């Protein structure tokens, strides 16, 4: 609410500074802009520093060149504006900056339909004491100024990985570091062309030989809003003691912020309690995921794999695990079954069509149908069987309905145990043309010693992510039976035409605390349903979630379980290049439980208690 009021105020200030309107040639002051050919704005390309919350004022001059060759100061006769109005506002030719964010903008002078502009860089410079560090020295910066360099005291950055992109509204991104020898006082610096933020802190949350720092809301806003859609910001940590005996400096890492806030609802399954949890990214108050589907809805039977309609109004979930196949079809708004539990045909691994009228399922564990079943989104009954080339030996598995509604990707089983544990799959798809489903095509073929499974369409309906795991001996080794395999990694392929595959190397990569371990069980990719603007220069960005056994910085995953991770994906990456960025752990999940299958909706329907 405060931000909205601020922007409206700036708009008023700009409007009040006008001395003419529209295409009027004459100004209220009596001057004329008739014959104006061009405008030059001065000072050109200046940098203004917003120092510790103090706004900066700068007076601009508009020089008009006229058709007859004369050049005059027309500063009082033009309308002044900032290209990025949240950075400040004009009163006449006087610019007053905001006080809470840095950024890049243009200064625009407009008169008689002629426009001139120049660039301006606003640097937000702040020194800030972490509110959670209550025992800081009176002048912590002074301690560092007098401390001699000592490389042996250098802290070590642990999390997040270098080069991540995060949504500006993520809000709870932890920074993990090892403190270095004998250090008790720390200086955390964020620097870019528009930000110079220094935060002084203690090791307020010690963990596994290191420290966890969570930016307070004010510090997060300074960083995220200054860097939104812009260049990476570099962060480093220096450490010393209160006497300034010596100071060590860490290496640096880079962090980027996407241009747009992340929206949508996320529903994930925790095996620890057999429940489905949910979190609303659009909420400004929810801080942790909360249970939504529990065993109480199934008479005590464990709730497992699940799928949501795109609009978030319907949920289908399996119960009882392998060889069970009973499903719960739920009205999300009322949290009540649409039909009695276990009254519909059995199914596994469902996926909804875009309008929520049908969901695709498979059932080959104890049944006789080995192709794709299309089930009614209201009754749960079978509407149609799609021939996908499935047989009792090589049944259909893991369907994913394209967000465009025109095709379904799926895995074809090479060696069957159960639909949860199977080997040597290939990725296929069927397309609907003229109202009829066409014969299947192979997108990623079968290969010896490799399992390819869990296909998942990106929100553009073009890129297809999938899992690939490798067997050390034959095609039936437990390390690649599609059931949380350590060697599982994320790959991408053209989801329409197939062809060459590309590993999402950066998303798959370990963190510093993983000590070079690369078998991290990166499994079950799922996409946020929206395509976002990548940065101020344009481009398309999507977000992918997956489960992994990797370490959450200094935090260990629960037992042998997995936590949920997210990575940005560049939908415009050149063919054959890694489209992914480094991953980060979803900060709202319960990290004491083993979490899987982060299904997305465009919205969360119904209240979250």
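A search for C-beta distances below 6 Å between a residue of region 148-177 that is under 14 Å from residue 551 (Cα atoms) and outside the structural domain of residue 283 (by TED's automatic domain parsing) and any residue that is part of a helix (DSSP H, G or I) and modelled with pLDDT of 95 or more, counting only pairs 6+ apart in sequence or on different chains, returns 158/512; 158/513.
Of all the criteria given as (1) crowded, with 22+ Cβ neighbours inside 10 Å; (2) more than 22 Å from residue 512 (Cα to Cα), the one not satisfied by residue 193 is (1). A count restricted to region 148-169 and to residues that are touching a strand residue (DSSP E or B) at 6+ places or on another chain (Cβ under 8 Å) and either part of a loop (DSSP other than H, G, I, E, B) or surrounded by fewer than 19 Cβ atoms within 10 Å (Cβ to Cβ) (or both) stands at 14.
Is it the case that region 528-539 has a residue that's more than 16 Å from the chain's Cα centre (by Cα), assigned by TED's automatic domain parsing to the domain that holds residue 405, on the phi < 0 side of the Ramachandran plot and outside any loop (DSSP other than H, G, I, E, B)? Taking every residue of region 528-539 in turn, none turns out to be more than 16 Å from the chain's Cα centre (by Cα), assigned by TED's automatic domain parsing to the domain that holds residue 405, on the phi < 0 side of the Ramachandran plot and outside any loop (DSSP other than H, G, I, E, B). Kindly provide the set of residues from region 544-588 that are closer than 22 Å to residue 500 by Cα, touching a residue at least 60 places away in the same chain (Cβ under 8 Å) and not in a loop (DSSP other than H, G, I, E, B), ordered by number. Once the filter is applied, which keeps residues that are closer than 22 Å to residue 500 by Cα, touching a residue at least 60 places away in the same chain (Cβ under 8 Å) and not in a loop (DSSP other than H, G, I, E, B), region 544-588 yields 544, 567, 568, 569, 580. Of the listed requirements (1) at pLDDT 95 or above; (2) within 26 Å of residue 100 (Cβ to Cβ); (3) in contact with a helix residue (DSSP H, G or I) (Cβ under 7 Å, 6 or more places away or on another chain), residue 7 misses just one: (1).
From the list 514, 590, the one residue that fits, being farther than 24 Å from residue 482 by Cα, more than 18 Å from the chain's Cα centre (by Cα) and surrounded by fewer than 23 Cβ atoms within 10 Å (Cβ to Cβ), is 590. When 373, 338 are checked against the criterion of being more than 28 Å from the chain's Cα centre (by Cα), over 23 Å from residue 454 (Cα atoms), crowded, with 16+ Cβ neighbours inside 10 Å and assigned by TED's automatic domain parsing to the domain that holds residue 405, a single residue qualifies: 338. Looking across region 91-103 at every residue that is closer than 25 Å to residue 196 by Cβ and crowded, with 17+ Cβ neighbours inside 10 Å, the one that is farthest from the chain's Cα centre (by Cα) is identified as 95.
Residue 302 satisfies every condition listed in (1) outside the structural domain of residue 157 (by TED's automatic domain parsing); (2) in contact (Cβ under 8 Å) with a residue 40 or more places away in the chain except (2). Please determine whether any residue of region 409-418 is in contact (Cβ under 8 Å) with a residue 60 or more places away in the chain and within 30 Å of residue 340 (Cβ to Cβ). Scanning region 409-418, I find at least one residue that is in contact (Cβ under 8 Å) with a residue 60 or more places away in the chain and within 30 Å of residue 340 (Cβ to Cβ), so the answer is yes.
The number of residues in region 57-79 being loosely packed, with under 13 Cβ neighbours inside 10 Å and assigned to a loop (DSSP other than H, G, I, E, B) comes to 4.
Looking only at region 110-117, decide whether some residue is assigned by TED's automatic domain parsing to the domain that holds residue 51, within 19 Å of residue 198 (Cα to Cα) and at pLDDT 95 or above. No: region 110-117 contains no residue that is assigned by TED's automatic domain parsing to the domain that holds residue 51, within 19 Å of residue 198 (Cα to Cα) and at pLDDT 95 or above. Any residue that is over 20 Å from residue 316 (Cβ atoms), part of a strand (DSSP E or B), at pLDDT below 95 and assigned by TED's automatic domain parsing to the domain that holds residue 479 - is there at least one of those in region 401-413? Among the residues of region 401-413, not one is over 20 Å from residue 316 (Cβ atoms), part of a strand (DSSP E or B), at pLDDT below 95 and assigned by TED's automatic domain parsing to the domain that holds residue 479, which makes the answer no.
Considering 248, 300, 230, 239, the condition of being at positive phi and either in contact with a helix residue (DSSP H, G or I) (Cβ under 6 Å, 6 or more places away or on another chain) or surrounded by fewer than 23 Cβ atoms within 10 Å (Cβ to Cβ) (or both) is satisfied by 300 alone. Scanning region 476-520 for residues that are at pLDDT 90 or above and in a helix (DSSP H, G or I) yields 505, 506, 507, 508, 512, 513, 514. Counting only residues that are buried (at least 23 other Cβ atoms within 10 Å of the Cβ), out of contact with any helix residue (DSSP H, G or I) (no Cβ under 9 Å at 6 or more places or on another chain) and on the phi < 0 side of the Ramachandran plot, how many does region 310-331 have? Residues meeting the conditions: 6.
The values are calculated or read from the model by the stated rules, or taken from the named source; none is laboratory data. What you see is a predicted model, and the numbers here were worked out from it, not measured in a lab. Neighbour counts are summed over all protein chains in view; Cβ atoms, including those assigned to glycine, are modelled from backbone coordinates with ideal geometry.
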